[in-house]
1. Out of segment A:362-378, which residues are within 11 Å of A:Met227 (Cα to Cα) and either in contact with an Asp or Glu (Cβ under 8 Å, 6 or more places away or on another chain) or acidic (Asp, Glu) (or both)?
2. Any idea how many residues of segment B:116-152 are within 12 Å of chain A (Cβ to nearest Cβ) and part of a loop (DSSP other than H, G, I, E, B)?
3. Restricting to segment B:1-18, name every residue that is more than 9 Å from chain A (Cβ to nearest Cβ) and surrounded by fewer than 17 Cβ atoms within 10 Å (Cβ to Cβ).
4. Residues of segment B:86-101 being crowded, with 22+ Cβ neighbours inside 10 Å and either at pLDDT below 95 or at the interface with another protein chain (Cβ under 9 Å from one of its Cβ atoms) (or both), which ones?
5. Within segment B:30-42, can you find the residues that are surrounded by fewer than 20 Cβ atoms within 10 Å (Cβ to Cβ), within 13 Å of ligand 1 (Cβ to nearest atom) and hydrophobic (A, V, I, L, M, F, W, C)?
6. From the list A:Phe674, A:Phe733, A:Phe696, pick out the single residue that is under 30 Å from B:Ala143 (Cβ atoms), of a type in the set (Phe, Trp, Tyr) and away from ligand 2 (no atom under 16 Å from the Cβ).
7. Please verify whether A:Asp338 is in the same structural domain as A:Gly682 (by TED's automatic domain parsing) and either in contact with a His (Cβ under 6 Å, 6 or more places away or on another chain) or within 16 Å of ligand 2 (Cβ to nearest atom) (or both), treating the condition exactly as stated.
8. Which of (1) over 16 Å from A:Gly221 (Cβ atoms); (2) within 16 Å of ligand 2 (Cβ to nearest atom); (3) touching a helix residue (DSSP H, G or I) at 6+ places or on another chain (Cβ under 9 Å) is the odd one out, the single condition B:Arg128 does not satisfy?
Amino acid sequence: MITPTIKNLSTQGSSRRVFMQGLLSASGLLLAARVPGMSALPLGDMSEGDFASALADFRPNVFLSIDNAGKVTIVAHRSEMGTGIRTSLPMVVAEELGADWESVRLEQALGDAKYGSQNTDGSRSIRRFYSVMRDAGASARAMLEQAAAARWGVEASECDCRDSKVLHPDSERAIGFGELVEEAGKLAVPASDSLRYRAAAERRYVGQETKIYDLEGILDGSAVFGMDVRIPGTKHAAVARCPVVGGKVKSVDSKAAMAIRGVEKVVQIPVYKGHYAFQPLGGVAVIANNTWTAIQAVNALKIEWDLGPNADYDSAAYGKALVAATHEPGQVFRDVGDIEPAFEAASKELSADYEAPHLAHAPMEPPCALALFKDGAVEAWAPTQNPQSTQEVLTQVLGLAADKVKVNVTLLGGGFGRKSKSDFVAEAALLSKELGAPVHVTWTREDDIRHDFYHTVTAVHMKAAMDEEGKPTALLTRASFPPINSTFDPSADAPSSFEIGMGLSDQPWAIPNIRVEGCKAAARTRIGWLRSVSHIPHAFAVNSFVDELAWAAKTDPYEFLMALLGEDRMLDLSGVEYSNHSEPMSRYPFDLKRLKAVTKIAAERSGWGRELPKGKGLGIACHRSFLSYQATVVEVDVSQRGVVRLPKVWSVIDCGLAVNPDRVRSQMEGAAAFGASLTLGGAVTMQNGAVQQSNFHDYPIARMDEAPREVDVHIVPSEDLPGGVGEVGVPPFAPAMCNAIYAATGKRVRKLPLSGQDLRWE
Amino acid sequence: MTTLRINGRQVTVDDLDPSTPLLWVLRDRLGMTGTKFGCGMSLCGACTIHLNGTAVRSCVTPLAAAADKDVTTIEGLSEQGDHPVQKAWAECDVPQCGYCQPGQMMSAAALLARKKRPSDQDIDSAMRGNICRCGTYQRIRKAIHSAAEEMK
Ligand code: FES
Ligand code: FES
């Protein structure tokens, strides 16, 4: 096994938890996993020594082991990118098990299908794994209680697990987990339907504000991100990629680069085969003895590119074409009532076009990875959101069998969907194979901004028919954007139902006639998913338009919104092809009562309706996404010169059961800042196929004085099934903020971002 | 050959060009990876360290500029991870992904060293060079006020 060396010159750190220990000690397992669809499990990659000591451990499932000293180790199988998931899911195991959380050790899982999905995106870690983790803990608890009961000659039902001990309260006896490991290990894993779970009142961790496991390491600098991982002999690489997606190297002169001291090798990375998917873009890499030298040498390469078929991509013209496309009929995704006669009978009509640009993810840690290719096998250490798909990509790109590819997950310095796509890990693997030594690849910020899988660019056309009082009687929504699937399938040139289902086909309004259409748009760059995906442009269009309708009807926007949400009911989407974030509507219906409740709470907490001087204003928006309900009120302060400040935001979420409320709160705070960034200044534009932005000066991220000064978060107390959290706070932000700008200044923003738009007032 | 003091220890670097930014000397030559790379252009603050007590961006500070000077990195901000800033950061649960936080704390510690009771405006101007993509600003502000309280 490779032992990484993280050398710190300071003397501290030895007694601290070091993430790496867990990272590299993932081992096999012995008994059946409780992951749906998984049964007998292999020994995995355990050495004989591991195997012998593991035999002594109690391993009721893949997520949990207890050694004979009573040490509880819980496997974190999802990737930690800032949501706190590495803490929250293990908390659930510890809760049901009755482990002492303070002494629990976490181990980060390798990429391995035995854990079920490890694809950490779509805000689904808790909703997909809450019950799996409960079962993992509860089944071990049952076995430990049974083992203790047998020893004591009492009923297992009289026992309880607390603080990593089994207790028999009646006789005041207690026995540590460690002593029961051997006996418990001989018992059959109980059936899922026989398990006892902790009642809400009994819980000690779930529902409690809990510190993240990696806090100490983050604060003293010892936490290991993908940028930090090293093994002995590691070389450092940087890569030049074609400025236009789909282009390739024509010729390269590497003389000047090779002449730089510290440069070891210049390697050409072949262009991807077929269509992009997650393959590396190709290009020319320089491997050196440090990252700086590698970057300098890349800049010294003289490369002639064949720019390929996207060299005429002009995103400004493309944006105009999208708007034009939405002025013609498209594919119908939802059709309620009959809009045509309603429009004919209307006393008034209102229509508007909304536009939102490409965005780059710009995680604080740019893409990076370490890989070692040795003896026909590869091991990678990467800040990946999806180690299993990374394994697949490496398998394909290197032509290896899956058992020759091992993927370790480091901490991620932010992900936002970028690090679901493992092109950067494949680069490291290819380069290590070329060099015959471990290679760490670093993307510069320029690489990151210019070679992303971009958030789609969108136009939404909205048109309403209204009666005399301004009440909408019909609503037409048409959207055009290049679909995500175009990254995998070049023939995909139109919005899919799954994307339209993010906020357009599931518009919840009490309007009798509704039609939602999608209009064709062929992609000219790599499209990917970014935190909240199509919910961002869709919620922007829909909530802005509702605000416009309210003002047109001379009604308070909040009152208008509540009236438009209508009766408490489950939204009827029968006949609509609707993915519901891959959950059945029977389990996760669209519950108007919950959406209205968060909207009402947000309005109340913000003191909606209070008088504000010109230049200040409140805006409101609500949205259901990732099976949770969110409403946001933004207060803006727009100076006469048109500079927007955000003194306060009120954010209300109903995400069902909140496992770690502090991390739900921090996600809502972060979502507000993320929303502020994309509203204020975030946009990626392309000219002649090349991205025009390159770093934080021209792709700005909200800074301390630009982000909301204060975010008041309210989490609706709930025992409902958990919904998503990480992405849910983002969609309502931009429309709430733009609605607030309208209230403050009378200027309506229909195109994101704000930068370059005139918001001055007198 | 450049000699500098890093976290109180004398260090000599002889195999790197003196124009190499300190960031990469720390990370790739000395294995001190607490100081982070975010932009390389003095735009994000992830690489913030102290040079003779002043916060500087190590991505644009050449090795030569640190000759015979005192460099403090996150690893040396305190012996036991208990600098008032680190304690306040823990108490306020500031980090999300954590990647920007070493730089944030180094900027905050330098601010507090020169300004005992910083106002919100002081905090804005000292911290606006540090980007947090996760959006932890509100807690950073709170933690700085709380650390100031603790240090008084
Ligand atoms: S890496 Fe130095 S300021 Fe961004
Ligand atoms: S905590 Fe993630 S960038 Fe600041």
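1. Scanning segment A:362-378 gives A:Glu365, A:Pro366, A:Pro367, A:Ala369.
2. The qualifying residues number 9.
3. Residues satisfying the conditions are B:Met1, B:Thr3, B:Arg5, B:Gln10, B:Thr12, B:Asp14, B:Pro18.
4. Residues satisfying the conditions are B:Gln86, B:Trp89, B:Val94, B:Pro95, B:Gln96, B:Cys97, B:Gly98, B:Tyr99, B:Cys100, B:Gln101.
5. B:Met41, the sole residue that qualifies.
6. Of the residues listed, the single one that is under 30 Å from B:Ala143 (Cβ atoms), of a type in the set (Phe, Trp, Tyr) and away from ligand 2 (no atom under 16 Å from the Cβ) is A:Phe733.
7. Here the answer is no, as A:Asp338 does not meet what is asked.
8. Among (1) over 16 Å from A:Gly221 (Cβ atoms); (2) within 16 Å of ligand 2 (Cβ to nearest atom); (3) touching a helix residue (DSSP H, G or I) at 6+ places or on another chain (Cβ under 9 Å), the lone unmet condition for B:Arg128 is (3).
The values are calculated or read from the model by the stated rules, or taken from the named source; none is laboratory data. Nothing here was measured: the structure is a model prediction, and the numbers come from that model. So basically every Cβ, Gly included, is an ideal-geometry build from the backbone, and we count neighbours across all protein chains shown.
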